[in-house]
Amino acid sequence: MRLLKFGKKWVLFCADNGVGVVMYRPLAQKLALDPRVRQLHAMHLKRVRLVDTYEREHPKQFFAKYGIQKGITNYKLARFLPVDLFVTPNFSEKLHCERARRKVQIFHGVSFKNYCIKDKVLRYDRLFLPGPYHRRRFIEAGLFKEDDERLLLVGLPKLDRLVDGSLDRRAILEELRLDPARRTVLYAPTGDRGNSLFRQGEEILAALLELPVNLIVKPHDHADRDECCSIDWPARLRATRREGFAAVFHSDVVPLLYAADLLITDASSVAFEYTLLDRPVVFIDVPEIIEGTEAPMMDLSTWGRKGGDIVRRPSELEEVVPRLLENPGEKSAIRRAIAADLFFEPGKAAQNAVSALYRELELEPPPA
């Protein structure tokens, strides 16, 4: 344990999937500039990834994909280290650092399924909330009182790039070998059992590939196993060779959202994230998820799928998608209201979070 002394402040970041690293990476990048702060990074993947198996990767290989080269440690050791600050967007038991002086939950996204509304949040000293909606849900669930100082509005750091001008649509599409002059549709289903790719994927792709658009398919990168689906979707998508088509398998959906003129999903949190761009959304109906019991805190009444059009059959996409591309202002007011309720100070979330982390570390932030 001597490693953690010598007058430095030690921060342990942990993730149980690639999305988690994408979430905390903006914070780690900013803290890396401060010589007073040292970082550790640990991972333990709780599910087999749809695309690859994380379990076969060495932690150094895993983190290298996200630009993290230093401070990588084994999760079995990390969870017992007496660090100054433990930061995570996940709730993995195997990654929870009990000996940390302060523990911060930063969440990996906002979904109407509300899987994060549970009593596990009570073991954290601070919750970095994405927006007002999240705060209300925790209070309504009886987990916190209105004036609880553990609830801190921060925003969602990974989404800053959607609005801060740092992304280049043309460059993103050209890297995918897609024509920037064409309109672009992104299909990004959720990973829950019963998702639209596993249930209706062939029909969905058949309908979308008939449209005169670029089509990007982004499977959920840690989808649950589903015995009802016999198709090897990674193999099928990799084998698809069509002009204007790209399949993407990495964990960072933000550049794809930025490049898309329209989003198609089912019950994924990307639907809410996309509202920051105020562009059309189409929901493919997934009754098995919507009517299921695995998400007891599911909230369809506040915002749910109100920001987009719901289609129940893939064939409807052939009419709905062209119509919304020609009329992108439909439901704009609802989308803007959703974004305002769900995301606090978009574009400034990472800086908000880092400022709060310095308070947790009891350090004065360095000059800007």
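The values are calculated or read from the model by the stated rules, or taken from the named source; none is laboratory data. In this text, all values refer to a predicted model and were calculated from it rather than measured experimentally. Ideal geometry is used to build each Cβ from the backbone, glycine not excepted, and the neighbour counts take in all protein chains shown.
Brief remarks on what is shown
- Close pairs from the range 232-253: first in the same structural domain as THR190 (by TED's automatic domain parsing), partner assigned to a strand (DSSP E or B) and not β-branched (Val, Ile, Thr), Cβ under 7 Å, at least 6 apart: LEU237/ALA247; ARG238/ALA247; THR240/ALA247; GLY244/ASN214; GLY244/LEU215; PHE245/LEU215
- Among all positions in the range 186-201, there is at least one residue which is aromatic (Phe, Trp, Tyr) and under 21 Å from GLY109 (Cα atoms).
- Odd one out for GLU345, checked against (1) assigned to a loop (DSSP other than H, G, I, E, B); (2) touching a helix residue (DSSP H, G or I) at 6+ places or on another chain (Cβ under 8 Å); (3) closer than 27 Å to ALA206 by Cα; (4) modelled with pLDDT of 95 or more: (3)
- If the condition is being on the phi > 0 side of the Ramachandran plot and surrounded by 18 or more Cβ atoms within 10 Å (Cβ to Cβ), then the range 314-346 contributes only LYS331.
- Neighbours by Cβ (under 8 Å, 6+ apart or cross-chain): first from the range 164-179, under 19 Å from PHE249 (Cβ atoms); second at pLDDT 95 or above and among the acidic types (Asp, Glu): LEU173/ASP179
- Helices (runs of 4 or more DSSP H) contained entirely in the range 241-309, each with at least 3 residues that are within 18 Å of the chain's Cα centre (by Cα) and of a type in the set (D, E, K, R): none
- Reported count of residues in the range 196-220, each being part of a loop (DSSP other than H, G, I, E, B) and within 24 Å of VAL254 (Cα to Cα), is 7.
- PHE138 farther than 30 Å from VAL311 by Cβ, within 19 Å of the chain's Cα centre (by Cα) and assigned by TED's automatic domain parsing to the domain that holds LYS103: no
- Candidates in the range 53-71 are the residues that are out of contact with any strand residue (DSSP E or B) (no Cβ under 6 Å at 6 or more places or on another chain) and modelled with pLDDT of 85 or more; of these, the one that is surrounded by the most Cβ atoms within 10 Å (Cβ to Cβ) is TYR66.
- Test: residue in the range 142-160 that is part of a loop (DSSP other than H, G, I, E, B), touching a residue at least 60 places away in the same chain (Cβ under 8 Å) and surrounded by fewer than 17 Cβ atoms within 10 Å (Cβ to Cβ): no
- Qualifying residues in the range 207-220 (those that are touching a residue at least 60 places away in the same chain (Cβ under 8 Å) and within 25 Å of PRO180 (Cβ to Cβ)) - the one nearest to the chain's Cα centre (by Cα): PRO219
- Top-ranked residue in the range 183-206 [being crowded, with 21+ Cβ neighbours inside 10 Å and small (Gly, Ala, Ser); ranked as nearest to TYR115 (Cα to Cα)]: GLY191
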